1. Sorted from fewest to most neighbouring beta carbons within 10 Å, what does the list V180, V605, V353, V147 look like?
2. In nm, give the distance between the simple-model label positions of V233 and Q402, each being 7 Å from the Cα along the Cα-to-Cβ direction.
3. Quote the FRET efficiency, to the nearest 0.05, computed for S428 versus Q627 with a Förster distance R0 of 45 Å and r equal to the Cβ-Cβ distance.
4. Along the Cα-to-Cβ line of T299, 7 Å from the Cα, sits a label point; which residues in the stretch 608-639 have backbone N less than 11 Å from it?
5. Report relative contact order for the stretch 314-378 in percent, whole number only (criteria: Cα-Cα under 8 Å, sequence separation at least 6).
6. Do the alpha carbons of any pairs in K458/K483; K115/K344; K150/K361; K319/K526 sit beyond 25 Å of each other, and which pairs?
7. Roughly what would the spin-label model give for L581 and D179, points 7 Å off Cα along C-beta, in nm?
8. Using θ = phi - 60° and the Karplus form 6.51 cos²θ - 1.76 cosθ + 1.60, what ³J(HN,Hα) does each residue of the stretch 601-611 get, whole Hz, x for Gly and Pro?
Amino acid sequence: MMFTGGSHHKKRNSSNNNNGQRKYERPSRCSNFESYERERGRSRPHRQGVRSECDREGSLGANSTTSLLTNSTDSDNPDEVEEYPRSRGKQITRRRGAIKHQRVHEVKGHKFLAKFFRQPTFCAFCKDFLWGFCKQGYQCQCCQTAVHKKCHEKLLGKCPGSGRESESTIYLRERFKIDVPHRFKVHSFMSPTFCDHCGSLLYGLFKQGLKCEDCDVNCHKKCEKLTANLCGVNQKLIVEAIASVRKGSSENRDSPTSNPAHNPAFAVDSTEIPNDEILQSCTFVGYKKSGRITPPATTIPRFRKYTIEDFQFLKVLGKGSFGKVLLAELKNTEYYYAVKCLKKDVVLEDDDVECTLIERKVLALGTKHPYLCHLLCTFQTESHLFFVMEYLNGGDLMFHIQQSGRFQEPRARFYAAEIASGLKFLHSKGIVYRDLKLDNILLDFDGHVRIADFGMCKLQIFLDRMADTFCGTPDYMAPEIIKGQHYNQCVDWWSYGVLLYEMLIGQSPFSGCDEDELFWSICNEKPLIPRYLSTEANSVILLLLEKDANKRLGNKLCPSGDIQDHPFFKPISWERLEARLLDPPFKPKLLHPLDTQYFDKNFTVEKAKLTPIDKNILQSMDQTQFQGFSYTNPNATDK
């Protein structure tokens, strides 16, 4: 999340079926998703007559809404059978975190996953110890090869479990003549010895494993057939020689502070922020003199490299496992921003370095559209990554839904139109957003919406290219994601339909006592539509929540046409909307420029400081992965 707390990028294990597609596994006797559907389908339709305890609990306090829920498209023929049963949603009472499958790194057929090694383990490439905290290295799912994160791309041997006799393997073997099998024999080791393939200890008192007669490579008996045919080959020296020839010496362009003792994050933590910090800020002093509430800065004064010493942190706007979002002021100016602070150890542990760089790229792209969050600059310290963004002081839609229950149709239509404009812009750039929800839609100073938090975006999805990662917030996931199918931008329009339903009704369209129930409901039920909704609103929701992605509204192949031409959006002038000429139905009522009344008070009462990272963890982190992170947006500077 961006300005709010909650879980962030949690990992979920997955399995593959025979077609290579990922399927969602339920802890039951069902062998696959289809049998799970059949098993649940025999009893699920009877929910209309008997509601479970969790259904009754989700409807408490919502009698005024649930009493109006009805099947507005029921047929007059009682003998007609519906394709899908109807789902009764729950009230929105809490924030919902996103989930994501752990990333798989494929290198020469190896499928590496970041892993925490509970036992002492050595790298199969450089032979050094895998040391560090949390997830120290990578391990292949197929052949169990264990390597450092920095070494996994340098391996010369192809994974034995992925086509030993494939065309590419034969070509490499014939071209480079690297195919020298080991001559293993059973050996008794007199001292503790580690396997050179999987890196773990060779257990036992005698004849613990195998030893090559020629190159002294040691391995488990189970690893003999998995060990690459590189007898006598020093992979590390070969890779270093090739790298020096290809690249030469390269400069370290963006090196953070080398000495952890000089890390500004510790200086921020060691200084207690006084209670009247906001009262002493330049922005508040200027407000007292003029009595005018100035909008948040949309630019940064100069095009230069910024550091943490340039900003004064004032308030906490949101917090999660990823880090914090702080309200900050550029020192000695009246420019104030929202600064998202990510902990490097969490980014490395969750293997989210690439996601962080993608987020920076999409945020910088957002400057070209009025309804996307704008990035001004980024910088880093030894322990943290910082995104300096425009401060959206109207809060998120989740906050406003919880305050008002639901939105009237004109207000929901206005927000939906601006969100659709932002989504279509992202899609035109080949970007799948994948985390559209109330928490990630914020209101700016004037009351217009901004789409924020691009950490789950997938780039370069054009034409027939598809994505297949299992990620998103469960309540907003499209059926094709849950079923492990390949997907494109259509999943965003499903999430958009869930979002529009929540804005109009104040409840989620699908529900369940647990995640299994929820996923079954998404794939097998239709949402209930209340009678008070207009025919146009009813139609647009059902078209957006179409389970067939090819028929879903928003898809270019949809028989209902473009979403902008739908009757629900007839009152919207799209040209005026793109130019921000339409008046928002709600404008935040601020007491002063640094007012944070639209953010969770559990966060805003905290002191604005960073959480220091243990020095041992700092020293174990690979800082080279963050080279080139610092950036100043040339499209968002005054001069």
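Any read-out appearing in this document is the output of simple, stated calculations on the displayed coordinates, not a laboratory observation. Predicted, not measured: the structure shown is a model, and the values here were computed from it. Cβ: placed from backbone, ideal geometry, glycine included. Neighbour counts: every protein chain shown.
1. V605, V180, V353, V147
2. 5.7 nm
3. 0.90
4. 635-639
5. The normalised contact order for the stretch 314-378 reaches 18 percent.
6. Those over the limit are K319/K526.
7. Taking the two extended label points, one gets 7.0 nm.
8. 5, 4, 9, 5, 7, 6, 6, 7, 8, 8, 8
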